[in-house]
Structure formats: C-alpha cells, structure tokens
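Data block below; observations after.
Quick note: the coordinates plus some simple rules give every number you see, no bench work behind them. Computed from a prediction, not measured in an experiment: that's the story for all the values here. Here the Cβ is made from the backbone with ideal geometry for all residues, glycine too, and neighbour counts use every protein chain on show.
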Amino acid sequence: MKEYDPRMHSAEHILNQTMVRMFGISRSFSAHVEKKKSRCDYRFTRDLTAEERRDLERRVNEVIAADLPVRAEFLPREEAAKTFDLGRLPDAAGDTVRIVRIGDYDACPCSGAHVERSASVGTFRIGSTQYADGVLRIRFRLQD
Ligand SMILES: [Zn+2]
C-alpha cells in the first residue's frame, strides 16, 4: 500500500469530516493525496459558493489549530461494522480494524500514517473546487 504524506493524510480526514458536518454528505469516494497538492471527490449536486469555500477552509483550520490528538485504536471487525462503513476496506484487512481518531472530531477506518497532533498539519488552503456530473472535486494544499 502507498504511504501517504502524514500531514496531507490527516488533512484529508479532517476535510472529509467537515464536509459530512457541513453538507450531510458522505466522505470522499475518491482521493489523490500527494505531498504538495491533493484532491478529494464527493458525490454532490453542485459546486460550492465562494462563501462556502471560505467557511470550509476556516472550519478545517479551526480543527487543525485546536491541536487535537490523533490516535489509532483497533476494534474487532464486527464491532467496527456497527459504527463505520467498512465497504471500502479490503477483505484481507482481517478480523481487526484500525480506527484513526482525531480528538472527538473524526473517526475513520484507516491503515495509513498520520500526524500525532492536528496542529502539525499546518494551514489548509483550498486551491479550487469544480463540479461536473454529480461529482464535486476539491483541490487543496498545505502551508507550514
Ligand atoms: Zn486515512
């Protein structure tokens, strides 16, 4: 499995949870996470307004600045399935599922590397948003 940049990967989790909370939609169904620039794709009905982009950026940065601890815990698969959508995990993931928690803000099944505290992510910047055929794409980067 590819090792993502831990800062970008934690930013992706925070962005996903913020999209869930702001718009009541699902986490991104597709993501390209790179060290310099990343993008997440969401099933949605339209592009974001300029105000929503600003609001989203501000909310993600508030979570980062709160310096929440990022912890991994392991749950039996049956237990995890009660709370989380495990549909995207490979069956080979086994009987135990790793859950990554960012404070009390976000929890998500994940096997990747993360920062230890959210403030290490830096500053989250939306590069652009784009909408086509039911897919909202958000491009973002991080500043130190
Ligand atoms: Zn992850």
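Taking only the C-alpha atoms of region 59-105, Rg followed by Dmax gives 13.1, 36 Å. Here's the picture: charge each Lys and Arg Cβ at +1 and each Asp and Glu Cβ at -1 in region 17-79, and of Leu68, Val33, Leu56 the one pushed furthest to the positive end of that dipole is Val33.
Shown for the chain is the translational diffusion coefficient from the Stokes-Einstein equation, using the Kirkwood radius over Cα pairs, a temperature of 25 °C and a viscosity of 0.890 mPa s: 158 µm²/s. Roughly what angle does helix 6-23 make with the longest principal axis of the chain, taking Cα atoms, 0 to 90 degrees, to the nearest 10? Helix 6-23 sits at roughly 70 degrees to that axis. Each Lys and Arg adds +1 at its Cβ and each Asp and Glu adds -1 at its Cβ; summed about the Cα centre, the chain shows a dipole of about 440 debye. Taking 4 °C and 1.567 mPa s as the conditions, I'd like the Stokes-Einstein D for region 57-136 in µm²/s, using the Kirkwood hydrodynamic radius from alpha carbon pairs. Once the numbers are plugged in, D ends up at 89 µm²/s.
With r as the distance between the Cβ atoms of Glu52 and Val20 and R0 = 22 Å, compute the FRET efficiency 1/(1 + (r/R0)^6) and round to 0.05. Please list the in-between numbers first.
On the way: r = 14 Å, r/R0 = 0.65.
FRET efficiency, Val20 to Glu52: 0.95.
If you line up the long axis of helix 50-65 against the longest principal axis of the chain, both from Cα atoms, how many degrees apart are they, to the nearest 10? That works out to roughly 40 degrees. Per the helix-only calculation at 222 nm, which mean residue ellipticity applies to the chain, given -39500 (n - 2.57) for every DSSP H run of n ≥ 4 and division by its residues, nearest 500 deg cm²/dmol? The helix contribution divided over the chain gives -9000 deg cm²/dmol. The length gained on full extension between Cys108 and Leu75, counted as 0.36 nm times the residue separation minus their Cα-Cα distance, comes to 10.7 nm.
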